[in-house]
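Visitor: One structure coming up, written as structure tokens, with questions to follow.
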């Protein structure tokens with residue numbers, strides 16, 4: 001990604017909003033670290049595009065609330081041998 005930091009934050013925010021992806025999944029798609037994705041969409045996006053920030057924040061909150069379910073399913077798959 002060769003965009004400026006502000007442009008990257010908007011691109012990442014739009015991707016999360018469109019797909020409902022987690023920070024980890026977004027980082028994998030764009031080949032950058034989870035820390036970079038999180039910092040861009042929580043700190044930089046707040047000032048660059050406040051409306052998009054609010055929408056992305058709601059998706060991240062939903063993902064955070066579902067986190068324990070995804071972890072349980074992953075553990076189940078691990079021990080089932082899938």
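Visitor: Using a simple spin-label model with points 7 Å from Cα along the Cα→Cβ vector, what separation in nm is obtained for residue 29 and residue 67?
Guide: Label at residue 29, label at residue 67, 2.0 nm between them.
Visitor: Which angle from 0 to 90°, rounded to the nearest 10, does the C-alpha axis of helix 50-80 make with the longest principal axis of the chain?
Guide: Computed tilt is about 20 degrees.
Visitor: Here's another thing I want to ask about it. Taking the structure as given and computing Rg and Dmax of the Cα atoms in Å, which label from (i) 14.1, 46; (ii) 12.3, 34; (iii) 25.8, 87 fits?
Guide: (i)
Visitor: Rank these for me by crowding, 47, 79, 53, going from fewest to most other beta carbons within 10 Å.
Guide: Starting with the residue having the fewest Cβ neighbours, the order is 79, 47, 53.
Visitor: Related question: Using the count of nearby Cβ atoms within 10 Å as a rough guide to exposure, how do 18, 40, 48 rank from fewest to most?
Guide: 18, 48, 40
Visitor: At 0.36 nm per residue, and after removing the present C-alpha to C-alpha distance, how many nm does the segment from residue 14 to residue 79 gain when stretched out fully? Let's see the in-between values first.
Guide: On the way: separation 65, 0.36 × 65 = 23.40 nm, distance 3.56 nm.
Result: 19.8 nm gained on full extension.
Visitor: Given Cα pairs under 8 Å that are at least 6 residues apart, what percent is the relative contact order of region 18-61?
Guide: 33
Visitor: Still on this structure, please answer the following. Can you tell me the length gained on complete extension of the stretch residue 58 to residue 4, counting 0.36 nm per residue apart and subtracting the Cα distance?
Guide: Going from the current span to full extension adds 17.0 nm.
Visitor: Taking the Cα atoms only, what angle lies between the long axis of helix 5-19 and the longest principal axis of the chain, rounded to 10 degrees?
Guide: Approximately 40 degrees, to the nearest 10.
Visitor: Grab the DSSP H runs of the chain that are 4 residues or longer, score each as -39,500 (n - 2.57), total them, divide by all residues and round the 222 nm result to the nearest 500 deg cm²/dmol.
Guide: -24500 deg cm²/dmol
Each reported figure results from applying straightforward, stated rules to the coordinates on display, with no laboratory input. Predicted model, so just to flag it, every value in this text is computed and none were measured. Neighbour counts run over all protein chains shown; Cβ positions are idealised from the backbone, glycine included.
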